Structure formats: C-alpha cells, structure tokens
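Comments concern the structure below.
Every read-out reported here was derived from the displayed coordinates using simple, explicitly stated rules and does not represent laboratory data. Since the model is a prediction, treat every value here as computed from it, not as a measurement. Cβ: placed from backbone, ideal geometry, glycine included. Neighbour counts: every protein chain shown.
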Amino acid sequence: MAFMKASSPHAHGITSTADVMQQVLLATIPGLLALSYFFGPGSVINVVMCGFTAVLCEAAVLKLRRRPVMFFLQDYSALVTGVLLGLALPPYCPWWIVAIGTGSAIILAKHLYGGMGYNPFNPAMVGYVILLISFPVEMTQWAAPRTVLAEGQQLVGPLSGLGHIWFDLPLDGYTGATPLDLFKQNNSLLVEHLYASEPLYATARWAGAGWEWVNIGFLLGGCYLLYRKIFTWHTPVSMLAAIFLMSVLFYDNGSSNSGGSPWLHLLSGATMLGAFFIATDPVSSAVSKRGRLIYGAGIGILVYVIRVWGNYPDAVAFAVLLMNIAAPFIDYYTVPRTYGHVKARPATEKSDK
Amino acid sequence: MIQFLLDNPFLSALVALVSLAVTFGAVLGYAAVQFKVEGDPIVEQLDALLPQTQCGQCGYPGCRPYAQAIADGDAINKCPPGGQATINTIADLLDVEAPTLDEEHGEESEVKKVAYIREDECIGCTKCIQACPVDAILGAAKQMHTVIASECTGCDLCVEPCPVDCIDMLPVESTVSDWKWHKPEPYYQRASNIIASDKTSGAAA
Amino acid sequence: MTKIWTIPGGVHPEERKEQSLQLPLAEIALPKELVFPLSQHIGAPADPVVKVGERVLGGQLIAAAHGIFSAAIHASTSGTVSAIEERPLPHPSSMPGECIVIEADGEDEHIAYQACEDYMQLSKAEMVKRVRAAGITGLGGASFPTAVKLNPKSNQPVDTFILNGTECEPYITADDMLMQTRAADVVLGAELLAHILGDPERVVIGIEDNKPKAIAAVTEAAKGKAIEVVSFPTKYPSGGEKQLIQILTGREVPSRKLPADIGVVVQNVGTAVAAYEALRFGKPLIQRITTVVGEALDTQRNILVRLGTPVAHILAEHGFQAKRASRLVMGGPMMGFALDTPDVPVVKSTNCILAPSKTELPPAAPAQACIRCGMCAEACPASLLPQQLYWYAQAEDFDRLKAHNIGDCIECGACSFVCPSNIPLVQYYRAAKGTLRQMDIERQKSDRSRQRFEFRQERIARAEAEKEAKRLARKKAAEKARQQQADKPGAAKADVVSAALASAKPKAISAEDELAKLQRAVASAQNRLEKLQQKHDESEDAAQRDKFSAQLKQAALRLQEAQAKLDARQAIPAPAEAVAGVAASATTDANDPVAAAIARAQAKMSMPPAEKLQANIDSLQQRLAKAEAKLAAARANDGDTVAALQAGVDKMNEKIAAAKQELAALAAPTAATKPEPAARPTAAAPSPAVPPVKAAPKPEKPDAASVAIAKAQQRAAALASMAPRDKLHQQVKSLEGRLEKALERLAKAEADNDDNLDAFRTGVEKTRARLQQARAELESEQ
C-alpha cells in the first residue's frame, strides 16, 4: 500500500488564479455599462474584439512556445488583459488598432518576457502606449457622450459602429475631445468660465459628462474586488489620495492656470480604471504593503504631473509603466519587518556569512 | 596674461583643459591613496569559494595554490569537485562569463564520496597517510590505517599510492538527518507532464 | 480580562474538529508488534539497552538517552524484543532508521511504577531528572526533550510559563479531548512545570476559542489557583510557539533565539500531563492521545494509544478504506507529513493520524505561474514575503533568500494554503532551507579542510627547514673540525696517535658489526635462494618457471659474490685487530671503501628479489583480473567452462597470496641490511658514535621514515659534536620550549573543554619532571 507523497499543507484554500481573474472581469461590468450608456456600444465592441484577439494571440504564442495551451488559457489572464485594453481604447476605433494593441500587449509585453507572472510591465498598458504613440490621431478621438449630442442626433448604433470599425465608413459628429483634453487646451479662461462654455462640463454634475459615471462605475467594481479581497487597498487608495492631494495643492482657486479640481482629476479620464484595474495588476506592481503604498502614490503623482504639465491629456498608462520600472527598486527597500527582527532589512543587504 | 588668453581662444582652451586635468588627476590620485579600500585579497576570496578538497585535479597542489593561479590569470573551470556551482560563484566574484567545467580535469560527480580502507587488507605502508592532503588518515608503519570519514574530502589522492588497492571511494550515504525536501519541478512541467520547455528544446536542437 | 495581542497574517481553514469529537476517548486492542524508533525526538538517537530475545515489561527502559539532547524510550507493553533493525520511520522521507521491535505477548505486564505522593517536595533537580528518566518530549509536534526546556540557563530567568492548548490545526482534537477529560491533571501538570521553572510570575494556559468545553473544564479546574486560562480567537497558526507567545505576551522571540531568551517557556498541555504522571505515579511516557480522523475511516475519534503501535493496526481498528483515501497524513492537514506506507509506528509526537477522502482533501491541483497577487504575504504570520522567497528559491539565489529571512519561516503552510496558483511554496522553502543547511555544513567542513591542509603544509615546510638547518650546522661543524685539525699540524705526535686510536676503535667495532651483518645477509640470501628454488619447483606455469629460474640464477650469482666478499672481509680484520696503533688506522681506512662496496653489493643483492616478487605479484594480479573477467563472461553466457575457469581463478588467488607472503618475508631482511650505507656517512663526524638505525627506509622513495632517520642522525651528530655541558644546556632549553608549548596547549584545551584534557595535563607534568631532572644534572655538571 503506497500513498501519495506531498509536502504539507495538504489542505488548500478555495481561491484559484482563474477565480481571481473571473472576479476582475465581473468587476468591470458597472464601468462597461456606464461606458455603453453614455458613449454607445463602442466599448462593448472593443472589449469583445480585444478579448477575442488576446485569447487568440495567447493560444498562438503558447503553441509556438510548446506549452499546454488549454492549461494556460484557463487562467483567464489573457482575457483580462484584452478586456482592460478594450476598456481603455476609444470607442469605434478601427479594427487594426485593436489588433495591433492587443497583439503587442500579449506578445511583446507578456510572452517575450516569459509569459504569465514574468512580465515587468502591465501588458494592457504597454499595448495602449504603443498605440498612443504610434497613432495619436485615432487614439485621442473619443465619442461624444449622450448628454452633449445635438438635438435629434442619436448615439452611434452597433451596426454603424461596426461599419466604421471594419470598413472605415464615416460616422457623423461622433468624435470630440475628452474633458481632460479640453481642460488642457484651455489657456486663458478661468475654470468657472471654461465650465460654463463647454457643454461637456456644463451638462455634468462634477467632472465631465458621462465620464464621471464611468469612473463611478469602475469605483464600484473596484470596491467589489476589495470586498472580495482580490487585492489589498494599498495601491488604489494611495494612488487616489496622491491625485487628490496634488489636485488640491495645485487647484489655484480655479484661475486660468489651474491644474483642475480634485473632482475633475478623480472622476474623469482613466483614473478609477487605472486605480482599481491597472495599478493593482499584481505581476507588475510592488509586493509589500509599504511598497504598494509607495507604488500607488508614485502613480498618482505621475498621473497628475503628466496631465497638468505634460504633453498628454491623460497619463494613467504612462504613470503605471513608469512605476512598473520602479517596482523592483521599491521592493528592495520595502521588505517588511519579519517576526523576531528588530527592524526590516533591505533586500539588497548582503547576507552575513 | 588674461588678455593674452582671451585673445587666443585656442590657447586658453588648452590651458583650461590641462589645468583641469592636473587638478582632477591630483584629486583622484590623492583619493586613491587616502581612501584605499582594504578588501580581502582576491586570493583569500577565491580560496574561500573553492571546495577545499585539496585534490589537485586542477593541476595545482591544493586549493590555495589554484586560487593563487586564478588570481594570476589561470582559467577558473578546472575544479571538478566544486563543479559548475563553484565556477559560477567564482565567475560572479571576478565578474567574468562563467565557462563550463573543463572535462580534462575530471568530471563533476553527483554524489559525495569518502575514502574507506578495507582494514583487513591494509599492510600498513603509510603511503596513503603521506598522500592525504588533510591528514585524514590515521595509522603508523606496519599498523592498520583508517580514514577519519568526517575529515575526508573525497579527493581520491590516497587510492593511487596504495600498493594493495585496499582503499575504496564510497559514496556518502544519506540519512534521515541530512535528508531534505527536493525542489518542486517548475509549474509548467508539473502542469501536464510535458517536458518541452524553452531550455530543453534548445538543448535537444 | 487578560490582554490579547493579534498576530499578523494567518488563515482560517475549515476546522472540521467535530468529526473526531462525536465519540468518547477510547482504547484499541494491543497490536502484535510494536516498533520504537531510536530517534523520535530532536537530538541524538537513544542507545538501546535491551538485547534481541530479551523479555521486557511495559514501562521498562529499552533505550537510554544519549547525552543531554536526547530522550529515553520505554516499552509500552510486555513482550519479547524480536529485533533491533532498520524500519521505515514516521518521517517525511520515509527512510528507514534503527528501531527496537517488540513482539507483544498479550499479557500487558508492567513494571512496578514508583508512585510519589509528595512529589512537589522533591528538589527541582530531582524533578528534572525524573522527567528526563520518563523520556518525556514535547507532545505538540516538535518532540523537543522536555527536561532540556525545564533547565533554562541561570542568566535567563523565566517570567512567563505558557501551557499551549491552542491546537490550531484543523481536524486535531487530541489536546481538546485531554483538556476536557483530564482538566485537573492539566492544571496539576501546569503547576508542577511552573514550579520546576522557578514559579514564574505568569502561568498561562492558552486555548483557542473554538474549544468551549475544554475552556470551561480547565477554567473550573484552575479556580483559586494562580493560573490564567486565556482564550483567544481561532486563527491558524496561533498554536505555533512563537505566535502563541506573541498573542499572550506581545513579545517576539528574536530571530535565531529561543523563547527562554526572553523569559518565556511554552509547553504543550499533553507534555504537562505526562510530566505530572511521571512524577506523581512514576509512569514513563508510553502512551498518548491521538486523533484518528478522516472520511476514509468508518470510525473517527480520539484514542489513547500505546507508543510504538503501527499505524496500519490503528487504521485497521477504525475501518480504513484505502481506496477512498486521498493520502495518509501523520499530523494535521497544514503541517503534517504524508506517509507513503502505514507500516510506521506511532511516536511521541504523533498527535493525529489523518486519512482524508478524496473529496475532503483532494490531491493538489497543478501549480500555475505566480501572479504575485500577494495573498501569501497577507497570510504569512512571520511577515515574510513568500512570493519573493519563492522567486529566489526557484532561482536558488541563496544570498537573497537569506536577506529575505528565509530562516524565520516556520513552514506553517499558510502561504501555500491561500496561493491561488497552487504553488507548493512550503516545499520550495524547505528545499532551499535544506540546501542552505547543507551549504553551511559544507562550508564548515571546507574551512576545516583548509586549516588541516595549511597546517600540513606548514608542518612539512617546517620539517624541511629544520632539516636544512641541521644540514648546514653539521657542515659547519665538520668544516670547523677540519680547520682545527689543519690548524695544528705541528701538535704533539701523541695527539695524532691518540686521535687515530680513538677513531680506529669505533671503526673496528663497526667493522665487526659489518661483518656480522654481512654474515646475516649471506644467510638470508641463501634462505631466499632456497625459497626461490622451492617456488620454482612448485610453479606450474612455464613462463612463470622461466622467470623464477632467471631469478634463481641471479640470486645464486649474488650469493656467490657476497660470499666472496665476506671471505675477503673476514680475512682482513685479523691484522686490524691484532695491530693496535697507528698502523691500525691505516688498515681500517683502507678497509673502509671495501666495506662500503660490500654493503652496497649486499643492498643490491637483497633488493632485486623483492622487486621481482612485486612485479610477479602484479603480473599475477593482472592475469587474475583477466581470468576473472573471462569467468564473468562465461557465467553470463552460462558456458560450460565456468568450473574450469573458476578453478583457475582460485589457484591464481592462492598464488598471489603465497607471493605476497613471500614479499612480506623478504621485507624483513631488507630492513636489516639496508641501513648500512645510510649510516656510513656519519662516520665522518668527529665523534662517530653512530646510533644503530633499525627502521628501513623503503628504497623507492625517501619517505617520512627516512626523513626521521636523517633527523635523528643529525641530532645525534650535533649532540656528539657538543660538550656534555652544552648538550645538557641544549636539552634544558628544548625542554623549556616544549613545556611552554604544552602549557599553552593545555590552556587552550581547558578553554575548549577538550576531551583530551587529562592527557595534556599528564604530558605537562612529565615534561616538567624531565626539565627539573635535566636542570639538576646541569647544575651538578657545573
């Protein structure tokens, strides 16, 4: 009679990587709903196309690398990457944007670095940044939200959207700037006046028509993930706190040089998506609690700095990638104090012989 | 003087450069003397990394001489008892590319060995005692010899001189006290029992 | 209400404790055979004190503790020792180890236990002694000899004594059952152990709040006593020693230190009861409560089991269905180890035997990639970064592992438990820790080897230098002597004569010696010749015979030569002895080269047979090897020549043996004749009092022996060249040096508490005595 040999523990908790990823997918739904409600079905189409392409790319690369395809597909990580990229892309962007973005996310950012768990950068953000730099025109056009449409104008329907995506059929009056974009282009108006003159702000409650609800949607999803203990609160909270602090500091009483109100920064652009779905990507973030606080704060500050003083209206992708680079460095100096030790030792310390 | 320099930009640049060079050279020279780092001499560090079997397979009469030789520029891949691990650590220390073990000097052995004297066959010739680099063999002329197993480095040097071939190199048996868990296989090999990884397929090609 | 601290991390696995609490504590039938591993505790294995075939009674000592870090083992029932042999051990490696096997006779006869009513009046030393004698070890799992823990160093006063009734592992209820059924004994045991530890300020019994019955029972029993019963929230691994200390005192045991270093001692409740029983009733540790649980069993309950009972027997008693079981675990599901065979015994630390069904504890899912989610870091009670440790363990980056404090991992398994990727993290850490341990041992060994090697080099160099110095000194002395002789050519003739006389006399003696030696050599040569002849006759092989006959001829030739020289030598000495005086010296002088030549010839003569024989043996061995290879081949092919070949091999073996014997016989006469030429040169020294040299240097190689001889000769020569007073002086000096060195060594030995302390001491005494003697002599000389 021979029994199975295994190292303890013999009991195992119920969570699995696939569970974690499924929860993340589930948590994107409120945000996606808000996006669809205000900007039409473009984001849904994006998400579906990106998700599909991501899984396809993943399978192809696994095949090439001679790894078990189904085993790895079942962890849903590729799907998550695709979905997150899809949420970040402007609605109704051409199909080749989706293909290039997803392809570079999965192949370049993930598998060339060794696949799941080895990528130093957030794959979705790598894909996004590649697109943003290569195709700035396509990437900075965003659909106009439902509230600012002209009288009689309607949201883009799924069919005309698909037509535009696949066959470059023209869409009328669907594009416009984002609230952050508009704010950036402001160079002489007081904030008050700018808000009054632009319908995008005028029809909004706090930050920008549609955008505020999208962000609230992602915030809800993020809270759900926190509740499910999928990740710890450290990164998102410190990132949001940093953005809040920066925007309070540089609000400048709404002068023409104002950096924008805290509301604008917290509730427009990709702030909440970034805080809860991008910055929390465990693979590419710092590992300890203290490290994650620093990591999140770094992203928050960078987001604000690039938004206000940089060249791009939104900056979550750049900020995340920049902090990805810094993550190992943060890790070295934020090893927690171990039980029985007087103080934490930096990981760079040479072991005593 | 200043006027002259201002009038001759070429000369003034030359003077500036030279004076800079002299100043910095002096500073650097002073620093080199004053703040010299007294580290372990490299030979000590190398010696500490070598396995101390004193087997002489590297062609030097012991580990320290070999450490000296490495410090003087000899190849670092001549130590079979240390194996690839030692080569890697030495390469780390010297900041060079780690070569593979030079098979000319012997092969790396998986198991550790100790010498064992079949005592009823020993004739007491003391040759092994003289050969042992770490004095790990006890005995006297015409008396049976025996190996102090805990001190034996497994260097093999006593086997050859024995006139009656009564010395065996026995593998060290593992016991419960020195048993250890083995490292689990990487996840992708456990995943589906496929062996193909980037490494193995590369090696096969 | 006592203050409770919280520990970081921790997990909440399904408790499943009710499974084994449905039935009352029971006992099971006696097994036929009981197995007692000699090493079932931390420390040195116990030494068996019984012999195979001996009848033993229950409670009888069968293996005594080996040193302080060890524990005694007692038989748990009466029977016969049927074997002391290697059996599979209850250890994760399932390697075999030395065990005493007892065949139970079913009578369950026990020795008379010495009860002690007023055990609390005993001295503490006596109490510790009795605990040690009872073979008590920590029953919680680590099996640390309890007596060691009860003997804290005098500079570490214990202020808190904690009795651990936490039992945080799922499934296990052994301590729970013990506290429920024997709460009074637990409290008495706690009092006893606290007393041994010097009545610390705080005595705490810590119990997790998922055992309300046990808490109630123990609180009741402890009423009115200076014992706190503290319950705290259930969380795994609160029951770890370090974690429990943190929960109850807020203190942390410093890394690589023991709880005693911060004034805390923790014992398991079971240990306390065992200690109480040992002192009150004189009972050694021969049984314990063990939880037998798991859905692959028909009956799940706690049993009072005799140590040594095979697990297979227990399983059989509880209706074990192997097909349903996913694995067999000794200990709990978090830290227990899987057994691959049930043929291992229950030992002192076996608190649970877990036979889960496949739905209960399914086999581990395949591991996926680490996504660094950080759940493990959240769960780690030691605040480590398990994902970083995993990373570095995979890469075997041991420097980084150490920097991340892998040594502080308690292997509780919380990280593996929560890992969504099913990575066997703990196994990685265990492997890395094992390798680190091994590397440590190897480094120590290599340091020792380096020392030994360097010492040897130094010794050889010193010997070489001494030799060189002596040689130079001798050369100088000789030069000086010659100078002196040359300086006074015009000195009185009588002087020359007396000098010549003085030198001639010893030479004459040495000539006599030589003669005797020559005769001996001739005799031995004859002897050898005879032996060779005999062998030649015996030899069957043609080629062999040729060789022998050639040898024979040579030997005969040599013998003749030697004989001739001996004759010549015998003829010469006559006048030399007859004529004393100036003439004599001339004769001996003339004689000298002849003698040398003879000696040389003799040496030559004595050598070749030995070498030849050696060569002979070598060739025989080669042939033997070939024959054996042939034999093996024949055997493999099942050829019919096997018998013949076998006979050939046997014969050849005999031959080799005979040849070897001969060689050994040869070695003796060689030893007798050879030193002559080596001793000759010393005759040139002014006072040619050549000490007779016995040991023969092997001609092949100047070895340690020849070095020693040369040294001795030099020393003799140097001594001879000195005046007696100088000699004594020298001796005193060297003795003083030696005494100094010996004293130094003695001091070092005393510091290290060396085993050879006595030997060092007597050595010093002796040296001192000799020094005094030499000094007295010197004084009388002056």
- Apply 1/(1 + (r/R0)^6) to the Cβ-Cβ distance of residue C:457 and residue B:93, taking R0 = 41 Å, and write down the FRET efficiency to the nearest 0.05. 0.95
- Would you mind getting me the FRET efficiency between residue A:95 and residue A:4? Use the beta-carbon distance for r and R0 = 56 Å, nearest 0.05. 0.65
- region C:14-91, Kirkwood Rh and Cα Rg, ratio Rg/Rh at 1.09
- Query: Could you give the length gained on full extension between residue C:83 and residue C:142, defined as 0.36 nm per residue of separation minus the Cα-Cα distance, in nm?
  - Reply: 18.5 nm
- Message: Check chain B for me: any Cys whose beta-carbon has no other cysteine beta-carbon within less than 4.7 Å?
- Response: B:58, B:63, B:79, B:122, B:125, B:132, B:152, B:162, B:166
- Scattering profile of region A:15-176 at q = 0.09, 0.18 Å⁻¹ [log10 I(q)/I(0), Debye over alpha-carbon scatterers]: -0.31, -1.06
- Taking 0.36 nm per residue of separation between residue C:772 and residue C:321 and subtracting their Cα-Cα distance, the length gained on full extension comes to 154.0 nm
- Query: Once the mean 1/r over all distinct Cα pairs of region A:251-297 is inverted, what Kirkwood radius in angstroms do you read off?
  - Reply: 12.4
- Message: If the only charges are +1 at each Lys and Arg Cβ and -1 at each Asp and Glu Cβ, what is the size of the charge dipole of region C:375-439 around the Cα centre, to the nearest 20 debye?
- Response: 140
- Query: Once Rh is set to the Kirkwood radius over Cα pairs, what Stokes-Einstein translational diffusion coefficient, in µm²/s, holds for region C:54-139 at a temperature of 37 °C and a viscosity of 0.692 mPa s?
  - Reply: 221
- Consider just the alpha-carbon atoms of region C:735-781 and return their Rg together with their Dmax, both in angstrom. 12.5, 42
- Size of region A:266-323 along its principal axes in angstrom, Cα-based, largest extent first? 31, 18, 16
- Please give the residues of region C:229-245, grouped as numeric ranges, whose backbone N is less than 16 Å from a label point set 7 Å along the Cα-to-Cβ vector of residue C:209. C:229-236, C:238-239
- Between region C:5-68 and region C:351-407, the alpha-carbon center distance in angstrom: 28
- Please report how far the C-alpha centroid of region A:60-133 lies from that of region C:199-273, rounded to the nearest whole angstrom. 52
- Item | Length-normalised contact order of chain A in % [C-alpha pairs under 8 Å, at least 6 apart] | 17
- Globularity ratio of region C:237-347, using Cα Rg and 2.2 N^0.38 Å: 1.33
- Mind putting a number on the dipole of region B:42-105 about its Cα centre? Charges go on the C-beta only, +1 for Lys and Arg and -1 for Asp and Glu, and I need it in Debye to the nearest 20. 220
- Over region C:165-294, what number does the Rg to Rh ratio reach, with both radii from the alpha-carbon atoms and Rh per Kirkwood? 0.95
- Note on the structure: Taking every DSSP bridge whose two residues both lie in region C:18-353, the antiparallel percent to the nearest 5 is 60
- Note on the structure: Sorting B:66, B:32, B:42 by the position of each Cα along the dipole of region B:7-117 (Lys, Arg +1; Asp, Glu -1; all at Cβ), the one nearest the positive end of that ordering is B:32
- Using a simple spin-label model with points 7 Å from Cα along the Cα→Cβ vector, what separation in nm is obtained for residue C:201 and residue A:154? 8.2
- Result row for chain B, helices from DSSP H with C-alpha axial extent 18 Å or more and mean Kyte hydropathy at least 0.0, is B:9-34
- FRET efficiency for residue C:66 and residue A:329, Cβ-Cβ distance as r, R0 = 56 Å, nearest 0.05? 0.60
- Item | Intensity falloff of region A:77-136 expressed as log10 I(q)/I(0), Debye formula with alpha-carbon point scatterers, at q = 0.13, 0.18, 0.25 Å⁻¹ | -0.28, -0.52, -0.96
- Item | Kirkwood Rh, Cα atoms: Rg over Rh of chain B | 1.27
- Task: Would you mind working out the magnitude of the charge dipole of chain A relative to its Cα centre, with +1 at each Lys and Arg C-beta and -1 at each Asp and Glu C-beta, to the nearest 20 Debye?
- Result: 1660
- Task: Over all alpha-carbon pairs in region C:18-353, figure out the percentage whose distance exceeds 26 Å.
- Result: 46
- Solvent-free Debye scattering, log10 I(q)/I(0), computed from the Cα coordinates of region A:178-334 at q = 0.16 Å⁻¹: -0.83
- Message: Please compute, for the alpha-carbon atoms of region B:42-105, the extent along each of the three principal axes and give them in descending order in Å.
- Response: 26, 25, 17
